[in-house]
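Asks: This is the structure, below, for whatever I ask next.
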């Protein structure tokens, strides 16, 4: 029978400290990378973007009643564009707030356009249950494409963009809107 030294099988205090130091260094590095990525994403969403592509104003959307809704008709006044879908819980939760904002501010020139990245049937059924006073257009592919071009780098929903009366992006927000967001945006010209 061979005698084995039990201390040969257990790591030494120095080895344990080295492993712990390595794990802490890897963890700290991952945290720094995570914070850096989060800051970069936030600057991408909040970075000012010049006027949207001219093709945006030439775009025509299919409204929920099947008529064409030309973007050119929204020029020269502040416009809140909300990208949403009927299957998106935060989208559905914020729509009454957006509708109330529209009702309160449309006399002062504010416009709101809902662009649904969804199936027309789903949106029509949703609007029968929850009517909205602002125009809603439906086109899943085009809505997703334009949301990305207007600054939605992740492609998530809900996503809102405010264009000022000159047609430049004044505000953007990824995620559910709050009354504080809308109150802060009301003075956009």
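Asks: Out of the DSSP beta bridges found with both residues in the range 97-189, what percent are antiparallel (nearest 5)?
Replies: Of those bridges, close to 60 percent are antiparallel.
Asks: Also: Please give the FRET efficiency for residue 72 paired with residue 164, using the beta carbon to beta carbon distance and R0 = 22 Å, rounded to the nearest 0.05. Display every interim value, and only then the final one.
Replies: Working: r = 16 Å, r/R0 = 0.75.
About 0.85, to the nearest 0.05.
Asks: Please report the spacing between the Cα centers of the range 72-146 and the range 152-171 in Å, no decimals.
Replies: Cα centroid of the range 72-146 versus Cα centroid of the range 152-171: 13 Å apart.
Asks: In µm²/s, what is D for the range 50-149 at 37 °C and 0.692 mPa s, where D = kT/(6 pi eta Rh) by Stokes-Einstein and Rh is the Kirkwood radius from Cα pairs? Don't jump to the answer; show the numbers that get you there.
Replies: Working: Rh = 13.8 Å.
Rounded to a whole number, D works out at 237 µm²/s.
Asks: If you don't mind, there's one more thing I want to ask. When you count, for each residue, the other Cβ atoms within 10 Å and take the mean per peptide, how do 174-187, 106-119 rank with the highest first? Numbers along the way, then the final one.
Replies: Numbers: 174-187: 15.0, 106-119: 19.3.
So the order, starting with the most tightly packed, is 106-119, 174-187.
Values quoted throughout were computed directly from the atomic coordinates according to the rules given, and no laboratory measurement underlies them. What you are looking at is a predicted structure, and each value in this text was computed from that prediction instead of being measured. No Cβ is skipped: glycine too gets one built from the backbone with ideal geometry, and neighbour counts run over all protein chains shown.
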